[in-house]
Amino acid sequence: MKPSDTITKKETIDLLNKCWMTHDGMWFFHCLQEFGIETTNKINKSAIKSMSSIELKRIRSVLGFKKDIENFEEFRVFFIEASKLIIPDFINVSFNFSEENKMTWVFNQGKCFAYEGVKRLGAIDKYECGVLYRIKCWLEELGIKHKFSPEINLCHMHHNGDCSGYIQFFF
């Protein structure tokens, strides 16, 4: 056994995020069993929306990011730093900022952890994406006008064969 104070920052972030994702998956599973997919989607999105406000306050505080985000560059820097804390490698998504006022996303190797989990539960046909919805709630909480393409709705991986797109920002 190694002492806990020898665990790296990356190992700590991965552990905490894996525990969080396991809790999230178990919550989703039990809600699905009890209430069905329509109600589970509704409750999931409500939980994400209410969590995003608290989550952003905590992230901003720990990063020392006190001012409002007023332009694309400030958002880009904030998102990159926040992602290092709460979007670990095992999530298997890449974000890119190659164009002004645009952020692209792609789930690498055609994989998405939520897609794989909800598919195993047998509810993927009607699953409404909570992963991208979380980012949408962040943007709303930050007061950043935006447009997703494609729009967030049912699971893109299941219905389109992949999950990629972009978010256009309007500062």
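The values are calculated or read from the model by the stated rules, or taken from the named source; none is laboratory data. Because the structure is predicted, anything quoted here is derived from the model rather than measured. Cβ atoms come from the backbone with ideal geometry, glycine included; neighbour counts cover every protein chain shown. For the accessible areas, the whole protein counts, side chains as well, though only heavy atoms, and no ligand, DNA or RNA atoms are used. Shrake-Rupley method; radii C 1.70, N 1.55, O 1.52, S 1.80 Å.
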Between M26 and N153, the FRET efficiency computed from the C-beta separation at R0 = 22 Å comes out, to the nearest 0.05, as 0.35
Too-long pairs where the Cα-Cα distance tops 23 Å, listed order kept, from K9/K57; K45/K67; K66/K145; K42/K66; K84/K136; K42/K119: K45/K67; K42/K66
So which trypsin sites (Lys or Arg not before Pro) in region 23-78 pass both tests, a DSSP loop state and at most 12 other Cβ atoms within 10 Å of the Cβ? K66, K67
Please compute the Kirkwood hydrodynamic radius of the chain from all pairs of different C-alpha atoms, in Å with one decimal. 17.2 Å
Taking a temperature of 37 °C and a viscosity of 0.692 mPa s, what whole-number D in µm²/s does Stokes-Einstein yield for region 2-77 with Rh from Kirkwood over alpha carbon pairs? 213 µm²/s
Averaged per residue, what accessible area in Å² does region 78-171 show with a 1.4 Å probe, protein chains only? 50 Å²
Among the helices of the chain (complete DSSP H runs), which have Cα atoms covering no less than 24 Å along the helix axis and a Kyte-Doolittle mean of at least -1.0? 9-35, 37-63
So R60 and Q168, fully extended at 0.36 nm per residue minus their Cα-Cα distance, gain in nm 36.6 nm
